[in-house]
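Beneath this line is the structure, given in structure tokens, with notes to follow.
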């Protein structure tokens with residue numbers, strides 16, 4: 001009878017609850033990865049994500065040191081804290097990777113994105129699109145009698161907000177560069 005009491009009693013006595021509990025809260029992280037600028041490096045980095053089923057929300061790549069042949073890959077991904085740590089550790093083990101920085105953890109970072117929006121409209125919708133573009137500090141980079149192409153830079157949230165406002169005014173198409181990010185401060 002006492003064995004039955006333990007079995008039905010509080011679950012904190014169960015051997016199944018002895019394993020560590022991992023947070024299942026998804027977090028968004030921005031990673032900056034400094035790599036050799038050579039063929040196949042980006043494929044290896046992306047292969048790490050796809051091979052393990054990790055999602056990439058944003059990806060930008062550009063050469064940052066021409067003489068040293070180094071490129072910077074900025075990746076925005078989501079996962080539990082344990083998954084993010086695993087991603088960073090696995091990135092660090094890829095041979096052409098020199099540095100891996102988690103800008104989300106290391107302190108405040110500046111994140112910016114560039115986007116182009118093609119908006120078609122006439123009359124009041126056209127005037128409203130121009131008014132909103134002025135408020136968001138978007139530039140008109142192409143104009144026809146039927147449409148505009150706006151260029152806007154800013155945080156991903158700003159880009160999303162501009163897109164939402166342009167949809168009812170005739171948003172036809174948009175292109176986004178992905179996030180470029182740098183940590184703030186002297187280091």
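The values are calculated or read from the model by the stated rules, or taken from the named source; none is laboratory data. These numbers come from a predicted model, not from an experiment. Here the Cβ is made from the backbone with ideal geometry for all residues, glycine too, and neighbour counts use every protein chain on show.
Listed conditions (1) at pLDDT 95 or above; (2) surrounded by fewer than 18 Cβ atoms within 10 Å (Cβ to Cβ); (3) on the phi < 0 side of the Ramachandran plot; (4) not assigned by TED's automatic domain parsing to the domain that holds residue 38 are all met by residue 113, apart from (2).
Remark: residue 82 matches the filter, which requires a residue to be more than 17 Å from residue 181 (Cβ to Cβ) and either touching a residue at least 60 places away in the same chain (Cβ under 8 Å) or assigned to a strand (DSSP E or B) (or both).
Going by what's in this entry, would residue 137 be described as surrounded by fewer than 17 Cβ atoms within 10 Å (Cβ to Cβ), free of Cβ contacts under 8 Å to residues at least 60 places away in the same chain and assigned by TED's automatic domain parsing to the domain that holds residue 179? When the stated conditions are applied, residue 137 passes them. Restricting attention to segment 48-65, the residues that are over 14 Å from residue 30 (Cα atoms) and out of contact with any helix residue (DSSP H, G or I) (no Cβ under 9 Å at 6 or more places or on another chain) add up to 7. Taking the criterion of being over 27 Å from residue 72 (Cβ atoms) and surrounded by fewer than 16 Cβ atoms within 10 Å (Cβ to Cβ), would at least one residue in segment 171-187 satisfy it? Checked against the condition, which is being over 27 Å from residue 72 (Cβ atoms) and surrounded by fewer than 16 Cβ atoms within 10 Å (Cβ to Cβ), segment 171-187 yields at least one hit. Note on segment 155-178: residues that are touching a helix residue (DSSP H, G or I) at 6+ places or on another chain (Cβ under 8 Å) and at positive phi total 1.
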